[in-house]
1. Going by how many other Cβ atoms sit within 10 Å of their own, how do Thr3, Thr47 line up, fewest first?
2. Quick one: order Val41, Val49 by neighbouring beta-carbon count within 10 Å, fewest to most.
3. Could you list Thr53, Thr65 so that the one with the fewest beta carbons within 10 Å of its beta carbon is first and the one with the most is last?
4. Subtracting the Cα-Cα distance from 0.36 nm times the residue separation, let me have the gained length for Val19 to Glu61 in nm, one decimal.
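We did not get these values from a lab; they are worked out from the coordinates using the rules stated. In this text the structure is predicted, and so the values were computed from the model without any measurement. Counting neighbours? That spans all protein chains shown, and the Cβs are built from the backbone with ideal geometry, glycine included.
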Amino acid sequence: MITELRRYRIRPEMLPSWVDFFEEAARRNEDGGSQVEFAGVDAETSTFVWLRTYADEADREARKTGSTAPTGGSRTRPTRWATSSSTT
């Protein structure tokens, strides 16, 4: 299994619309077979972090190039959202 970690710094005023966009994009990714394991926001640094998994490198490459069809079947939506902010 391969887990890909992605980290994006988002302009603070764009963060709410980015999260809305990502929720829809994550659903499309999962419908295509990628598994979003975690997504979270560090409000203090305006950083968005997410993880997705693939079966192996061949699966990862195939999904990135769009050369594989969704596997079908039902999927539960395990995406976990987390936020952090400074309380000092």
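1. Numbers: Thr3 11, Thr47 15.
With the sparsest Cβ surroundings first, the list reads Thr3, Thr47.
2. With the fewest neighbours first, Val41, Val49 line up as Val49, Val41.
3. Ranked by crowding around the Cβ, least crowded first: Thr65, Thr53.
4. 12.6 nm
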